[in-house]
Amino acid sequence: MHPQKQFIALACFYLVTHAALAAPSGSLKNTRLNCHVVGISDGDTITCLAANTPHRIRLAGIDAPESKQAYGRRAKQALSQYIYRRDVHIRISDTDRYGRLVGTVYLDGSDINRQMITSGWAWAYRRYAGAGYINAEATARRQKRGLWQDANPVYPQDFRHRRQE
């Protein structure tokens, strides 16, 4: 191939690939993303890098305690212990109202969203969770894991509403 044509072909490939990665988050819906976790905001939100592009990810199907809520710091610590500075695979399912990608995070094939519920650091988000997550929460409750040690844990949505009033 002529060097000039080769250069043009490479330039086109570069532009197409990087345009797809830099496109608005909604364009990643129903895709898979391999990335390196560089930040943990709380028990259900992370930041990761894919091809040097940062992505904020809201873990699908779970709701962890808010940072200023009881067990909020411990939920964040648990998520950090599982995936901080690790390479993960994320199955993107949606974009939320804050512009974050919503997805299921996998580490070595293990569903981290489910692990947060199983270990008692998050609720199954009833509006979006499947039966597997709801059953995992029931088991964590029975076994009094994590936040279920509390006699009356407050669901994060209720906590948010109380703070707004």
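Observations, loosely collected:
- The listed residue being at pLDDT 95 or above and open to solvent by 30 Å² or more (accessible area, probe 1.4 Å), out of T104, T53: T53
- Cβ-Cβ under 6 Å pairs, at least 6 apart or on other chains, region 29-53 side closer than 16 Å to D111 by Cα, far side buried (at least 20 other Cβ atoms within 10 Å of the Cβ) and of a type in the set (F, W, Y): G43/W121
- Pairs where the first residue, in region 146-159, is part of a loop (DSSP other than H, G, I, E, B) and the second is of a type in the set (S, T, N, Q) and buried (at least 17 other Cβ atoms within 10 Å of the Cβ), C-beta under 8 Å, 6+ apart: V154/Q69
- Restricting attention to region 26-46, the residues that are assigned to a strand (DSSP E or B) and open to solvent by 30 Å² or more (accessible area, probe 1.4 Å) add up to 5.
- Residue in region 123-135 that is touching a residue at least 60 places away in the same chain (Cβ under 8 Å), under 11 Å from the mean Cα position of the chain (by Cα), closer than 27 Å to H161 by Cβ and open to solvent by 30 Å² or more (accessible area, probe 1.4 Å) present: no
- Across region 56-75, the qualifying residues are those that are under 12 Å from the mean Cα position of the chain (by Cα) and charged (D, E, K, R), and the one among them that is surrounded by the most Cβ atoms within 10 Å (Cβ to Cβ) is D63.
The values are calculated or read from the model by the stated rules, or taken from the named source; none is laboratory data. Remember, it's a predicted structure, so these values are computed and weren't measured experimentally. So basically every Cβ, Gly included, is an ideal-geometry build from the backbone, and we count neighbours across all protein chains shown. The area values use the complete protein model at the heavy-atom level, side chains included, leaving out ligands, DNA and RNA. Shrake-Rupley method; radii C 1.70, N 1.55, O 1.52, S 1.80 Å.
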